[in-house]
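Here's the structure we're looking at; comments come further down.
FYI, it's all coordinate maths here, none of it is from the lab. Since the structure is predicted, the reported quantities are computational estimates derived from the model, not experimental observations. As a convention, Cβ positions derive from the backbone with ideal geometry for all residues, glycine included, and neighbour counts pool all protein chains shown.
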Amino acid sequence: RFQGLNSLDDITAIINTPPIGGYQVTPNQQLLIKNFKVSVKSNCLSLSVFLLFFLSYHVFTQRPQTQPVEEEEVEVEEAEELGHVDTYADYRPSKSKIGISHPDRVVETNTLSSVPPPDITYTLSIPETTINRGLLSALQLEAIIYACQQHEVILQNNQRAGFLIGDGAGVGKGRTVAGIILENNLKGRKKALWFSVSNDLKYDAERDLQDIHAQNIQVHALNKIMFPYGDTATSEGVLFATYSALIGESQAGGQHRTRLKQILDWCEPGFDGVIIFDECHKAKNATSTKMGKAVLDLQNKLPLARVVYASATGASEPKNMIYMSRLGIWGEGTPFRTFDDFLHTIEKRGVGAMEIVAMDMKVSGMYIARQLSFSGVSFRIEEISLDDDFKLVYNKAAKLWAEALVVFMQAADELCMSSRKSLWGQFWSSHQRFFKYLCIAAKVRCLVELAKKELEAGKCVVIGLQSTGEARTREVLDENDGHLDRFVSAAEGVFHSLVLKHFPSEKQRREKGAGNKRKRESCRAFVSLSIYCLSLLSASWLEEMKQGLLNKIAVLGKELPLNTLDELIDKFGGPEQVSEMTGRKGRVVRRSDGSVQYESRAEQGHTIDQINIKEKDRFMNGEKLVAIISEAASSGISLQADRRVKNQRRRVHITLELPWSADRAIQQFGRTHRSNQVTAPEYIFLISELAGERRFASIVAKRLESLGALTHGDRRATESRDLSKYNFENKYGTKALDKITKAILGQIESKVPPPNDYPGGDAMFFTDMKHGMVDVGMLCSQSRLGINIEKDCNITKFLNRILGLEVHKQNSLFQYFTDNFDYLIEKDKKEGKYDMGILDLAPGNDQIYEETQEKFLTAGNPQDGQVILYKVSFFDVFYPCFRSLRRRHKIAGKTSSLSPSGNVAMLTGEKTFQTSDLVLVKLSSEDLTCMHVSCRNGRCKRVEEGQECLMGTRLRQYHMLCGALLRVWKRVSDVVADITNSSILQIVRLKTKDSSKQVGESTR
């Protein structure tokens, strides 16, 4: 019943009227019309069916040019109510009511904002004057309160619980840490330990204490204290040390031989003061490094210490959380007996489990993570095209490396060294660094042009890179007795050094083979019968092979690009115009007369250690408008457009070289985006069109995705937007690599065709790729067995090695790989196997009702951790009916037209109908039953088994587990797996009718 529609004839007229505007009815809609007419004639048209027809007819009508895509019929999983929404929510303390608002807008991921922190039971001792004057903002005071409150908890292993501050760069972790030290000092705990990454940050620690009027708390550098100490002036206060100092040892021996022993003696027995692990991601890989083991050892030897982990990055992967032993996530009294149990469970579940970790830590009161709003910050990727001259040089280099591999293998075979891991480790690491330098050099010209435009627009430029190329520069200096009259090519140096130092030789075989009692393996068929692996070539001929390679490298070196850092400084006008903040000691510069020389970075009155701070001041004062930073400057240096400095131009942060890990990436990006800034920065990521170079973007994207999930509770939180499309280091990348490798070898017939623009067609593509993958060591050629897949063939190796292919070959191979990668993801999405992370249940629907809730207490710390089982329901007016009809009539069409995003768009977009235009109609019994009754001859397996089945109806019911999920994660997964043969539990977020937010695991 609609206004203007008085009979079924009116509806029939609408059906027979052709679409306007050049649109035409698709075959799918013709079938829909046919079925609709049947309903009209039989006088059994329901309101929902008419709505369905009207929307389908007018929304899904296509233009004449569009061809319908035929796809196989798939079983659509009932997750249509799920969808992604905005990632961040404005943050304000929910339970702490003291303090003045933070000076800048701060946000929290929607996921973390959906779970509440525990109630506050701790009473703060910080003076009201400090609070009222805003020396510590409300956000910082909240973190101090929760940290001190968590320190009141004693874990079941009799160690005091710790706290993790995961605030992003610029929120003010330093001042928060200073506040925790002040609070404990006021409680009578006069000693504290503060560990950081650099001795220079001691001055930042002193500044943070002074900023909150706690200058009476002295900061003592560990390397300045004489042991055994007897000076009362250093017996209290903060002992500041670097992580590297933890593993320091004295050659003198004695009672205080190790720094760790000195620290323990300074703390004295029964120490219950604060230990700050600032930038704690530096202590990652605790089981594999001396530094990490020392961090764990210190915590074990001071069981009552109040531990605070502070870092914007926390841990980039779950395995790097091992040093956070005081969080009480694993160990006695928890669901995970050991860290390995915890790691296995989390890695098995994937990113979804990491999201649960962050939420569980916040609910338990051991974690807080806020960050500056990115409003005003722009991100973009600039893909750089290569000119023909550069491609020519690159292709020459690729061919020479392929030739070098053959020569190395011949020499190694003759000397029976072909199985030496150290030899090939050196070869392939040099191979990777060589092409990495070429990738970076390809972007220099574009970067300079881009930067100069930004400078002309009144902005200033910060350039981030990792490699300085200093090692090769110093080698050339040594070769020329300390003199240098030209810019050096870092790429040439890597290649030259490999051949010079690691080319197989008889001397090398004798030195490395001494004492090796293992049975020698035969190297090739033609030497397998040789008992002693005698060389068939003379030592002089081996030397001739080596010299031939060196000569070819020297010829190629004349065309290779120069050291990127030196070239950039030169193109921007020299050191007088550029603030360099790197770890290198010297540089090559152009003098006023045009000549080139090597000079030290040290200046009169300033040591190398102090020069980075001096250069930072020059940039912030506006003396220099271009800054180049490396990892050495990634921690502790602020380069934002601060209101307190002279240079308030907008920062344009250009990443010339993507850092190797998210740890480093977050630190670099945080240098230019901090509190109290006049303008937010612009971020530009430069990526060349070289397919292999996306390897580095892939690493960062993977780390950022993992980091966002673990450190901020939402995997989308620290994705650098565009970079997420380069994330190949996952199970889909591994499967795609396996498929393309087998397809290239002709072992399988791929469902994904190779690039259609490859010269010579498909046959030539597979032939070239087979030879190319042999050239880069991904396939091995054996005289008897032919070409086979190299052992340890993995996605990391693949993305490294394809750097060594010629430009057009690597681009085509990479395209073939990504096509397979995308195909596998789409396939899993259709089959309901794709892990979507945290999704929103019924986004845009504000009529979600909470029907029941059951509360359960869980084991763990704190003891009163709760898991709540909710039953929620809502009505979905349109979509189930359409899906049901689609299946009943087997309407063929693109499944993507029924995707969650399409559903959300229709539900939340413009309203086609007004409620006032509708009246109630009588529904048939069929409309009230599940779709199985209609499409399976009136039989529904679930109903026959005595269960409720709502599939295909408008009523949606879900059960959600919320609260301390980490503690019951494994048990719930096991139970669900037993019942459903799948352990996948979708993590969802919803907002009920009474505006309460929930995040949890969902099941129908």
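Of the peptides 337-347, 466-476, 595-605, the order by per-residue mean of other Cβ atoms within 10 Å, starting with the highest, comes out as 466-476, 337-347, 595-605. Under 5 Å between amide hydrogens, built in the peptide plane, is the criterion, and for GLY172 it picks out nothing among residues at least 5 positions away or on other chains. Projecting the Cα atoms of CYS793, LEU813, PRO754 onto the dipole axis of segment 731-830, where Lys and Arg carry +1 and Asp and Glu carry -1 at the beta carbon, places CYS793 farthest toward the positive end. The ranking of LYS830, LYS301 from fewest to most other beta carbons within 10 Å of each one's beta carbon is LYS301, LYS830. If you count Lys pairs in segment 731-830 whose Cα atoms are under 15 Å apart, skipping same-chain pairs closer than 8 places in sequence, the total is 15. Structural size metrics of segment 99-372, computed from C-alpha coordinates, are Rg and Dmax of 18.2, 56 Å. Using the Cβ-Cβ distance between ASP738 and ASN551 with R0 set to 41 Å, the FRET efficiency from 1/(1 + (r/R0)^6) comes to roughly 0.55.
Residue pairs exceeding 29 angstrom between C-alpha atoms, taken from LYS224/LYS616; LYS190/LYS646; LYS871/LYS970: LYS190/LYS646. In order along segment 175-186, the phi-based Karplus estimate (6.51 cos²θ - 1.76 cosθ + 1.60, θ = phi - 60°) of 3J(HN,Hα) comes to 6, 4, 4, 4, x, 5, 5, 4, 4, 6, 5, 5 Hz; Gly and Pro are listed as x. Take 673-682, 433-442 and order them by the average number of nearby Cβ atoms within 10 Å per residue, most first; the result is 433-442, 673-682.
For ILE275, the residues whose modelled amide H falls within less than 5 Å of its own, excluding neighbours fewer than 5 places apart on the same chain, are LEU193, ARG306, VAL307, VAL308.
List the relative contact order of segment 731-830 as a percent without decimals, with contacts defined as Cα pairs under 8 Å and 6+ residues apart. Intermediate results must be reported in sequence, preceding the final value.
Numbers: 89 pairs, mean separation 37.5, N = 100.
Answer for segment 731-830 is 38 percent.
Summarising the amide proton neighbourhood of VAL106: residues at separation of 5 or more, or on other chains, whose placed amide H is nearer than 5 Å comprise TYR91, SER373. Exposure proxy shown here: for HIS653, HIS102, HIS483, HIS959, the number of other Cβ atoms within 10 Å sets the order, fewest to most, as HIS483, HIS959, HIS102, HIS653.
Each residue of segment 540-551 was assigned a 3J(HN,Hα) from its phi angle through the Karplus curve 6.51 cos²θ - 1.76 cosθ + 1.60 (θ = phi - 60°); the sequence is 5, 6, 4, 5, 5, 4, 4, 5, x, 5, 4, 5 Hz, with glycine and proline shown as x. Counting beta carbons within 10 Å around each of ILE225, ILE848 and listing the fewest first gives the order ILE225, ILE848.
The string of couplings for segment 234-240 from the Karplus curve (6.51, -1.76, 1.60, θ = phi - 60°) is 9, 7, 10, x, 10, 8, 9 Hz, one whole number per residue in order, with x for Gly and Pro.
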